[in-house]
Amino acid sequence: MRTLMKRCLTACSAYTQESGEESKVAIQKNMNDAFSKIDKAVKRGVLHRNAGANQKSRLSSAVKKAIEPASS
């Protein structure tokens, strides 16, 4: 799970360096994979519900921060 979160954050930083459609798609794919893994961990009881929500919030805010300034 940490690996998927790190991949998403790395894709966000790569997108800020060089914005492009393939980078945007990579961010979305990595974020969806991470969200899925977090949800599965919460469902199975590995993560607490609030910890999972915190991690998802952290990822989505990083993605929003990376994508929004580029589109403005």
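For beta carbons closer than 8 Å, sequence separation of 6+ or different chains, a first residue in region 1-15 that is closer than 17 Å to V42 by Cα and part of a loop (DSSP other than H, G, I, E, B) and a second that is charged (D, E, K, R) and at pLDDT 90 or above, the qualifying pairs are M1/K37. Looking across region 33-70, the residues that are in contact (Cβ under 8 Å) with a residue 24 or more places away in the chain and of a type in the set (V, I, T) come down to I38, V63, I67.
Scanning region 39-53 for residues that are under 18 Å from T3 (Cβ atoms), out of contact with any Leu (no Cβ under 7 Å at 6 or more places or on another chain) and of a type outside the set (K, R) yields D39, V42, V46, L47, A51, G52.
Residues in region 38-55 that are part of a helix (DSSP H, G or I), surrounded by 14 or more Cβ atoms within 10 Å (Cβ to Cβ) and more than 11 Å from the chain's Cα centre (by Cα): A41, V42, G52.
Collect the residues in region 16-37 that are acidic (D, E) and outside any helix (DSSP H, G or I), keeping them in residue-number order. Scanning region 16-37 gives a single hit, E18.
The values are calculated or read from the model by the stated rules, or taken from the named source; none is laboratory data. Just so you know, these numbers come straight off a predicted model, no measurement behind them. Backbone-built Cβ (ideal geometry, glycine too); neighbour counts: all protein chains shown.
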